[in-house]
1. Normalise the Cα radius of gyration of the range 337-422 by 2.2 N^0.38 Å (N = residues in it) and let me know the number.
2. Based on the Cα coordinates of the chain, what is the per residue volume of their convex hull in Å³?
3. Sorted from largest down, what three extents in whole angstroms do the Cα atoms of the range 194-333 have along their principal axes?
4. Please report Rg over Rh for the range 174-216, where both radii come from the alpha carbon positions and Rh follows the Kirkwood definition.
5. Semi-axes of the equivalent ellipsoid for the range 225-273, please: Cα gyration tensor eigenvalues, times 5, square-rooted, ordered largest first, whole Å.
6. Rolling a 1.4 Å sphere over the protein heavy atoms, what is the accessible area per residue of the range 137-271, to the nearest Å²?
7. Using a 10 angstrom cutoff on alpha carbons, build the Gaussian network for the chain and name the most mobile of G89, G292, G151.
8. Considering only DSSP beta bridges with both partners in the chain, what is the antiparallel share in %, to the nearest 5?
Amino acid sequence: MKRRINTLVVHASELVTPSAGLDRPARGPQLDQLVVVPDGALAVDAGRVVATGETAELLDRFEADEVIDAHDRLVSPAFVDPHTHLLYGGSRHDEWQGKVLERAVPGIDAGIRTTIAATRAASDTELTARALADLDEALAHGTTVLEAKTGYGLSPDEEIRLLDLTRSLAHPVRVLATYLGAHTVPADHLGRRAEYIRSVVDTLPRIAHTADFCDIACDPVSFTQQESRHIAAAARDLGLSLKFHADQTGDVGGTQLAVEFGAVSVDHLDQASDAALDALAASETVGVVFPGANFHLLDMTASLVPGGRPPKDLAAWADRVLRSGAALALSTDYNPGTAPSLSMQMVMQLAARLYRWSYSQVWHMATLNAAAALGVQDTRGSLAPGKSADFVIWSVRSHGEVVHRFGTNMADRVYADGWLVAEAGRRLPRTTPATQASPAL
């Protein structure tokens, strides 16, 4: 007798999902084992994945209230974006043009301070409206789970304001909130560094029950390893899960510190040493990398100014990181200065081009491994039975096309917890479950 369920998606040209049975991030050879099911099908009930397989098999097993014919369409898990700076004020497009034209431009820390000033000046209404519009864009491109950091307030009250605004966002994208008081030293504390670090630590008890994570930037433009250790120990004593920005502009031991503290993720790794990568590979901490930031910062091109910085060999760096055996994830690093894009499609496309990573590798890193970078791999990131039914029906036939093409949004329909929440690039009101969606594609 067939089991009655809510929704059956059938006749996908391909159904793809990270390696069957994995509830931990894929690494090493597992990254090459993307499950690809021709004429695939997906069974959903009560917002959860029930089964995946070939269409004929699932039609024999299930009877559905609604059957969605995905003929000539790819079906995949939705994306998870594990590192964004969602709430901010202002724009830094003039700063970026200065970089393109080789004019003197501020460093990353000075750019952050520019955004701090604009964010402090923005109203709650302005910040919320921009964040909701940005979440609409992320959703339309296939992202259903996203982490959002504070870090552009950098005073106790401003950081708490940003955290509260993040928590108040009502949107189909599930948003996890991160306290990043330790982003950099703000302009009003440049001569009082120790005082600012004390204020970050003193704020921790005020956010311990509202933040999902505490993030610390251990980098030459932010905080030393000793300073970061002090903040991390205080956060850990309060039971906060840790994430780290580490070793983006120089190696100060941030990656090893993140591993030592059992951080959920350590992000950037641009200047991480071989020893740091070995430590990361031996741990459960996920390394998160940002091809969009490398692209936007023009890391792959030489300076036009005589004696200027040389280009980075991103492919060689990426090969070294991948060969370390560390669990790796991709993310947008969305922010107004160094990575102003919310498209995880674009992130995969750039990872393939700049890092020379394969289709299978980048799909794993944008779904299951990205979920692991937020500690939600048990419920998100793949189409395994029991997980939330977060999936995308694409306007292309193959998972490779999503990476091969660029510059256009190929996500046609996006579902979160079994509900149709975006279609044709537009967020829909969350009033229509997948079982009531039109089957016509």
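1. Working: Rg = 13.3 Å, N = 86, 2.2 N^0.38 = 12.0 Å.
Output field value: 1.11.
2. Numbers: hull volume 58.4 nm³, N = 441.
Considering the Cα atoms of the chain, their hull volume per residue is 132 Å³.
3. 48, 33, 25
4. Working: Rg = 11.5 Å, Rh = 11.2 Å.
Ratio value, two decimals: 1.03.
5. Numbers: eigenvalues 71, 23, 11 Å².
They are 19, 11, 7 Å, listed from largest to smallest.
6. Working: 4440 Å² over 135 residues.
That works out to 33 Å² for each residue.
7. Looking only at G89, G292, G151, the biggest GNM fluctuation is shown by G89.
8. On the way: 31 of 69 bridges.
Of those bridges, close to 45 percent are antiparallel.
The values are calculated or read from the model by the stated rules, or taken from the named source; none is laboratory data. Keep in mind that this is a model prediction, so the values were computed, not measured. A quick note on method: Cβ atoms are made from the backbone with ideal geometry, for glycine too, and the neighbour counts reach across all protein chains shown. Protein only, heavy atoms only, side chains kept; ligands, DNA and RNA dropped before computing areas. Shrake-Rupley method; radii C 1.70, N 1.55, O 1.52, S 1.80 Å.
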